[in-house]
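Report on the following structure.
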Amino acid sequence: MYKIAVFFGGMSYEHEISIVSAIAMKKVINQELVFVFVDPNREFFLIPNDKMRSTLFSTGEYKKEPKLELSQGGIYKRGLFGKSKVEFDVALNLIHGGDGEDGVMASLLNFFDIPFIGPRVEASVLSFNKYITKVYAQAIGVKTVDFIKINKNNRNIINPKYPMIIKPCRLGSSIGVSVVKNENELDFALDVAFEFDDDVIVEPFLNGVKEYNLAGALTRSGIVFSIVEEPQKVEFLDFEKKYLDFGRSETVTSADLSKELVESLQENFSKIYLPKFIGAIIRCDFFVVDGEVYLNEINPIPGSMANYLFEDFNSLISSLTLPHNKKININYEYVNKIKSAKGKL
Amino acid sequence: MAKKDIFYKNYIYSISYDIVNFNATRDIVFLHGWGSNKEVMKSAFASHLIDFRHIYIDMPGFGNSNNDQVLCTQDYANIIQIFLDELDSKPEVIAGHSFGGKVATLLNPKYLVLLSSAGIVEEKPLDVKIKIALTKILGKLGLKEFTKIFRTKDASNMSQNMYETLKNVVNEDFSEVFANFSNTAVIFWGINDKATSLQSGKTIAKLIKHSTFNALGGDHYFFLKHSKFISEIIDGLD
């Protein structure tokens, strides 16, 4: 048996989505789980399994549960007789958006030497900002849709072509994203996007484009890919639709695709995943236009860990390859040398 | 939800707003009451008035629009005017609830819709008068901290600057402003309104020359139940 500590919540626009994801994990993972809630003030609480309901958080009731603190090698509960360690084998970073996907949790867990499933700092940086993702994709030979970047102080779009899609650079899900059909809607859509980020990406809205999601992770037996899912979309998934999506725990049927296209998606996935995303279960969202694969975005902590796309999510979790936390041997060699040379220091 | 930064008296105000019916050509602006926000107005009117482009605004210090300055009602009107200019909007109709009614009147729209508007100073009940007198004495004795226990429920969670702002706006007599309003006004009131009395509504209707008065069932938030009726009357303006 493998004991997993699920970290969820966080100071994030997707705080509530993370709660929904965490509750979904309870149904999906058949290992023993420990739930660690990061509240909006970034305090840690240990939530008993049988209390994992969304109302526990919305009502503030969670504050009655034991507070936790992070310290070297693990998380600890303060009791009458000092600190006691909360036992688990690996942490699962399930905080969507800020704190979870921007590298904050990765840094924290790394610093305290807590083994975890989730993107490392570099992977977080590459996937959190849509602009940096595009630059990364270009560098590793993965195509992306044409775009321009504008910012709050210079929001002029030269020669705008409608319909277009407007996205804040640094937000996951569909928060702040709009499809702009004509000039009347442009100013408002920009005010929406700039509420969340000073940098915004503008892309042509490709009507009728095919969208495919592929998740995967490196395990002891190589990269395990999920099935390829064609997400159902009205125009694009808006926030509420995605929100519901995050609670998913049923499996979906694979999209009916040619072998070549599946291989091409997997090949692009591998280019993106290796080696920066090792340790994380990620979902890449691709567009396909005329048989060509384009990366739309990388979700390094997908909603409910994209469990519904995997045939055997539990064995994936338990065979995942985690990168080693490189240890540096600090032996004060130089200080000692100088000291012996000079006699004292 | 969207935000626009506007510059007023050396400060940047981030105004949170929302728009419904982008492609309509006539603009209607909705201004909420004290302690309320644009979502309340939106819940009442978003599904009506389909020939209008609706502009819902959180005024500074409410909803998602922050404020750390002490303001008066005229400041609110100036800020909203700058915001509407930025939006390139010349609203035909401005509807204001309670405190928002005062701001709406100052903005001088072609059609003014008042929903249980503030602006007429109401006679205070005795217990309130006593609290005010005590607060003033305690304040003079340098015991300002203790005065907090007398603040209204509204005020207890308020930041100091919004509390000062409330003090600025709460006892303003707008009789003259209403009397000088020369465009058309439609006034709606909740018969059982305890915050702004029905009598105040009748007074405002008398003060505004071109106005009609409609008393409807309900309290200070009566319009939530009567939005269809109110919208039909607004649709019929012009």
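We did not get these values from a lab; they are worked out from the coordinates using the rules stated. Every value quoted in this text rests on a predicted model; they were computed, and no experiment measured them. Don't worry about glycine lacking a Cβ; one is built from the backbone with ideal geometry, like all the others, and counts go over all protein chains shown.
How far, in nm, would the chain grow between residue A:112 and residue A:2 when pulled straight, counting 0.36 nm per residue and subtracting the alpha carbon separation? Present the calculation step by step, with values, prior to reporting the outcome.
Numbers: separation 110, 0.36 × 110 = 39.60 nm, distance 2.04 nm.
Between residue A:112 and residue A:2, full extension yields an extra 37.6 nm.
Tell me the net charge near residue A:103. Cut-off is 10 Å between Cβ atoms, residue A:103 excluded, with +1 for each Lys or Arg and -1 for each Asp or Glu. Let's see the in-between values first.
On the way: positive: A:120; negative: A:99, A:101, A:102, A:122.
Taking every Cβ under 10 Å from that of residue A:103, the sum is -3.
log₁₀ I(q)/I(0) of chain B at q = 0.15 Å⁻¹, via Debye over equal Cα point scatterers, no solvent, to two decimals?
-1.03
R0 = 35 Å: FRET efficiency of residue B:121 with residue B:25, Cβ-based, nearest 0.05? Could the numbers behind the result be given before it?
Working: r = 39 Å, r/R0 = 1.12.
In this case the efficiency is close to 0.35.
Rounded to the nearest 500, what is chain A's calculated 222 nm mean residue ellipticity when only DSSP H runs of at least 4 contribute -39500 (n - 2.57) each, over all residues?
Details: 10 runs with 98 residues, N = 345.
Dividing the helical sum by the residues of chain A leaves -8500 deg cm²/dmol.
What's the center-to-center distance, using Cα atoms, between region B:1-63 and region B:72-101 in Å?
A separation of 9 Å, based on Cα centres.
FRET efficiency for residue B:46 and residue B:167, Cβ-Cβ distance as r, R0 = 30 Å, nearest 0.05?
Numbers: r = 33 Å, r/R0 = 1.10.
Rounded to the nearest 0.05, the efficiency is 0.35.
Roughly what % of DSSP beta bridges within chain A run antiparallel, to the nearest 5?
Working: 47 of 61 bridges.
If we restrict to bridges inside chain A, about 75 percent are antiparallel.
So between residue A:31 and residue A:121, what do we pick up on full extension, going 0.36 nm a residue minus the alpha carbon distance?
Values: separation 90, 0.36 × 90 = 32.40 nm, distance 2.66 nm.
Between residue A:31 and residue A:121, full extension yields an extra 29.7 nm.
Report ³J(HN,Hα) in whole Hz for each residue of region A:34-46, in order, from the Karplus equation J = 6.51 cos²θ - 1.76 cosθ + 1.60 where θ = phi - 60°; Gly and Pro get x.
Here the 3J(HN,Hα) series is 10, 9, 10, 8, 9, 7, x, 9, 6, 9, 9, 10, 8 Hz.
Just rank B:56, A:131, A:76, fewest to most, by other beta-carbon atoms within 10 angstrom.
The most exposed by this proxy come first: A:131, A:76, B:56.
Provide the per-residue ³J(HN,Hα) series for region A:71-88, in order, calculated from phi with Karplus coefficients 6.51, -1.76, 1.60 and θ = phi - 60°, each as a whole number of Hz, with x at glycine and proline positions.
Result, rounded to whole Hz: 7, 3, x, x, 10, 10, 10, 8, x, 4, 10, x, 8, 10, 7, 7, 7, 6.
Picking from A:309, A:186, A:46, which is most flexible by a Gaussian network model of chain A using Cα springs under 10 Å?
Evaluated over chain A, the most mobile residue of the options is A:186.
Efficiency by 1/(1 + (r/R0)^6): what FRET value for residue A:327 and residue A:65, r their Cβ-Cβ distance, R0 = 30 Å, to the nearest 0.05?
Working: r = 34 Å, r/R0 = 1.13.
Rounded to the nearest 0.05, the efficiency is 0.30.
To make sure I understand the rule: partners must be aspartates and glutamates, Cα under 15 Å from the Cα of residue B:209, and not fewer than 8 residues away in the same chain. Which ones qualify?
Leaving aside aspartates and glutamates fewer than 8 places away in the same chain, those within reach of residue B:209 are B:176.
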